[in-house]
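Here's the structure, in structure tokens; my notes come after.
Read-outs: derived from the displayed coordinates by stated rules, not from any lab. All values reported here derive from a predicted model rather than from experimental measurement.
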Amino acid sequence: MKMNRRRFVGWMSMSAILTSMIGCNAPRESNSEGESTTSEAIRSDGFQVVGTVEELDAKGKLTNNVASAIVIRSANNDLIALDQRCPHQGCAVSLTESGERLACPCHGSEFTIRGELLQGPATTPLTTYEVKTEDNQVLVKVSQS
Ligand code: FES
């Protein structure tokens, strides 16, 4: 079959579109900071696997790129899951080096590791998610069901 230039360009454009669509839907293995993330499917009960207990203990936190969730283990061994999106304008908060607070890089809001507001400009706490472990996996309830 002979392919003229117009047909070849059209075929290449379609190929590029399909490739980019497939790439957008693929699960990410790490975020821009090189942290391990997951995009496991949301179960019918609204929970989503965000990692294993070993990963949480090794890294001190787990993040989830679908719900923008961060899971932290407190000093008294509680699991805490929070929405990483700052309630001020939506930047992703992260744990401070001490691991005692969450700070927003955009305008300086700070929160306790339980999401309580310590310092603005944000005026409300971080959203909390239900979190649990099952069969050595850490699950966060990212949607109501
Ligand atoms: Fe977090 Fe502004 S977006 S302080």
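What percent does the relative contact order of the range 51-114 come to when contacts are Cα pairs within less than 8 Å and at least six residues apart?
On the way: 93 pairs, mean separation 11.9, N = 64.
Once normalised by length, the contact order is 19 percent.
For the range 40-98, the square roots a ≥ b ≥ c of the C-alpha gyration tensor eigenvalues yield an a/c of 1.5 or more together with a/b not exceeding b/c, which makes the shape oblate.
Under a 5 Å amide H cut-off, with hydrogens placed 1.01 Å from N, Thr127 pairs with Asp83 among residues at least 5 apart or on other chains.
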